[in-house]
1. I need 170, 106 ordered by Cβ neighbour count within 10 Å, fewest first.
2. Would you work out which of 8, 113, 171 lies farthest towards the positive end of the dipole of the chain, given +1 charges on the beta-carbon of Lys and Arg and -1 on that of Asp and Glu, about the Cα centre?
3. Starting from the Cα-Cα distance between residue 159 and residue 76, subtract it from 0.36 nm times their residue separation and give me the gain in nm to one decimal.
4. One quarter of the convex hull surface, Cα atoms only: what value does that give for the chain in nm²?
5. Loop-only GluC sites (Glu not before Pro) in the stretch 93-137, please: DSSP not H, G, I, E or B, and at most 14 other Cβ atoms within 10 Å.
6. Any idea what log10 I(q)/I(0) is at q = 0.16, 0.23, 0.27 Å⁻¹ for the stretch 105-171, Debye with uniform C-alpha scatterers and no solvent?
7. With θ set to phi - 60° and the Karplus curve 6.51 cos²θ - 1.76 cosθ + 1.60, what are the ³J(HN,Hα) couplings of the stretch 74-82 in order, to the nearest whole Hz, using x for Gly and Pro?
8. Which aspartates and glutamates have a Cα lying under 19 Å from the Cα of residue 2, excluding residues fewer than 8 positions away in the same chain?
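Read-outs throughout are calculated quantities, based only on the coordinates presented, and are distinct from any laboratory measurement. The model shown is predicted, which means the values in this text are computed figures rather than measured ones. Neighbour counts are summed over all protein chains in view; Cβ atoms, including those assigned to glycine, are modelled from backbone coordinates with ideal geometry.
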Amino acid sequence: MKEALIIIDVQNDYFEGGACELHNPRQAEARIAELISESRRIGRHIIYIRHINPDDETFFNEGTYGCEISDRIKPLPTDIVINKYCPNSFLGTELNDCLRSLGVEKLIVCGMMTHMCVDTTVRAAMDHGYEVSLVADACATMDLEINGEVIPAETVQKTYIASLAGIFAKIV
């Protein structure tokens, strides 16, 4: 079964000093670097997803340093980079067509933010018929707030990973 590593939104705005800092993004990025190395070694396709905010937003503004993929896991010319404009990496992009043309049936998913773009993409992948493995320690999120209550990033991470386990993805 042909596989592809899907790396979602590992962009500079999510790191220290960025416009939307996440909780422990460096740890997730280090694990992603390992997945990239493994994928290159075994010849697995590598697809980077880059989020661009089309309007004047607070982060991921096109043409800015914050919108660029982290230099520490920079794509090679042989890798595929797909730009997206909403949380779902399939919606309005060529991702599905690209995967089908490569004969990919299984996705190894990692990236940022677990509670937003990772979650949405994993759920959409099931709709498109892909088998998905989600690498939990290669994902990062942030504290969330609702009705004045802060939900710590560790809780957000565990909750979203748990909600995807089984039906939507195999958690690894």
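1. Neighbour counts put them in this order, fewest first: 170, 106.
2. Of the candidates, 171 comes out farthest on the positive side.
3. Gain on extension, residue 159 to residue 76, equals 26.5 nm.
4. Quarter of the Cα hull surface area: 9.9 nm².
5. Here the sparse-neighbourhood loop sites are 94.
6. Scattering profile of the stretch 105-171, log10 relative to I(0): -0.49, -0.90, -1.15.
7. 3, x, 8, x, 7, 7, 9, 10, 10
8. In chain and number order, the partners are 38, 79, 94, 97, 105, 127, 131.
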